[in-house]
Amino acid sequence: MDTNLHLYCSSNSMASPKPKLKRPCTSLNPSPTNFPNHPPIPRVSNSNSSSMDSLLESLLALSDSSAFSLDLSFDRLLDSRASDSDKSDLIDRALNLGSVLLEAAKRSARKRASMHNALVWPLAPDLTIKVFSLLDTQSVCFAAATCSFFHKCAADPTCYAHINLTSVIPKVNNAVVSTMIQRAGRSLQSLKLGLVPGPISSNGSSQGLVYTIRNSTDASGMSWNDKRSRQGKDSSILTRSCLAFLSANGGAPGAMLKSLYLYNIERMDNTALCNALSACPSLHDLEIVGLHVELRQTLESVSESCPQIERLFFESTKTGRDDSLKLSTCSDLVNNCPNLSSLILRGFKLHDYKARVLVKGFRKLKYVDFSTSYSITGAFLKNLGGSVGGDLLEVLILRDCIHLKEVEVVRFISAVLGGDFKHLQHLDISNREGLASEGDWYRRCCSTSFIPLEQLQEERPELALVAEFPAEGSYTEVEQMIGSSILSDDISSPSLLSSHTSDGSMFMSSSESSYSSDQGSGYEDTQDSSFVIYEESSDGLDLVSG
């Protein structure tokens, strides 16, 4: 054994031949960069590969009990060197050889483990990729970290077609979003980012989703100070440029994006959002909650860049204070986005004549939610029953609209009983302040006695009516509420309850009997003497002057 080791070390001490200009074999010549602290190992020619294999086989054939003999043999070789430099060189070569052999063994072990997983795993790679594509984003990342076989399968772009990075507390930053979007490439179909207060309710619920990281406590039990200090260390916060990666590679990632959900990203602004929407021409579903962006600029961007939009959900951060929407913006949205079937605008200062243009203009509109809209009285519903735009309505939610009038609700229900709105299945007129009375909206109606519930249940049994009002005298005085603020920034709606109880009797005046007769152009309600616009903006003046 001493002779073999001595021959190997002597052969290594000889001058190595000049290397040829071709890529070395990784298995035979490990790159010296992997071991910067050790001198490079000379290349072994093909003629010497068999002798090298025999030598390595002889070395590995030694039993564990030969370790002591190996140690003594190395000491004798070391003593045979005359100078200290030769001894140091021998030690370095032994360390280098041991490191190379150890790394080769580890690499082979990983390769065998990966091959073992591929053999034992019952699904083929294409089916494994299909399974991974059905998982949520976090589960795919966990699976990719288990073994190299899963890592290769999880690298397929289809596994990141539906990216969901929402959380209760900040966990991701721009770099994470960029990595996920780059992995998806043109396969990206849906993207969800931001902070959510909890599970998101389905359509038909008026649950508020506006949520800020400044809440004192949350599901994690972390205070705002703890979260702020964590953000400084981990940088787990999204900025205005988190959507810039949709425009990368000539806009390839955003080209096929169908769904975009953005929740409570406090640093997002109008410019960043508009740039992101311009990179998503195939967008069908857009949900925006708690962003500090204007309604007008957002709808203009959707109108210009997203002609295929089918569902638009927009909830304001400051209820009743965004009065930026113009009538021309409503008209452009109607003309440029004809496929819109679901429109949810919550918490905006939306006047009746603008709401009428939207509801009547969209020919495929089935779902409308104007909850917590500040200026809606309900007059926009007049003459919609027989029009193409309003007759297809299946869901109408006007929850907590503070200016919603009792008389307009009565007229609408009378039109429903008269045969209009045949497809309507869900109507929510609940109001935690009660409905406004005609002539004096400071006097609130908190009773369902004006609703002919028995007749409505008999003639329209498929219609679910939700009418939740506070008990008499239990609601907040309107004068006090207006004096302090238009509305609280943190409006939350009561839970959704369907009502089919029987109470009250039906009454219909002559004016109500003609409620569904459409004899105007669609803008006649702007000049109706009974149509009152509270706190009209300059947009209304532009409409009159035009």
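Results, tabulated for the structure shown:
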| quantity | calculated |
| --- | --- |
| Mean Cβ neighbour count within 10 Å, used as a protection proxy, ranking 456-463, 325-332, 166-173 highest first | 325-332, 166-173, 456-463 |
| Cβ-based net charge around T146, under 15 Å, with every Lys or Arg adding one and every Asp or Glu removing one | +2 |
| Dipole magnitude of region 63-187 about its Cα centre (Cβ charges: Lys, Arg +1; Asp, Glu -1), debye to nearest 20 | 700 |
| Contact order normalised by residue count of region 302-369, Cα under 8 Å, 6+ apart, percent | 40 |
| Listed pairs K106/K152; K192/K326; K258/K422; K152/K192; K130/K366 exceeding 27 Å between Cα atoms | K192/K326; K258/K422; K130/K366 |
| Region 308-385: radius of gyration and largest Cα-Cα distance (Dmax), Å | 11.7, 32 |
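Since every read-out is calculated from the coordinates, none of them should be taken as a lab result. Just so it is clear, the structure is predicted and the values come from calculations on it, not from any experiment. Note that each Cβ is placed from the backbone with ideal geometry, even for glycine, and that neighbours are counted across all protein chains shown.
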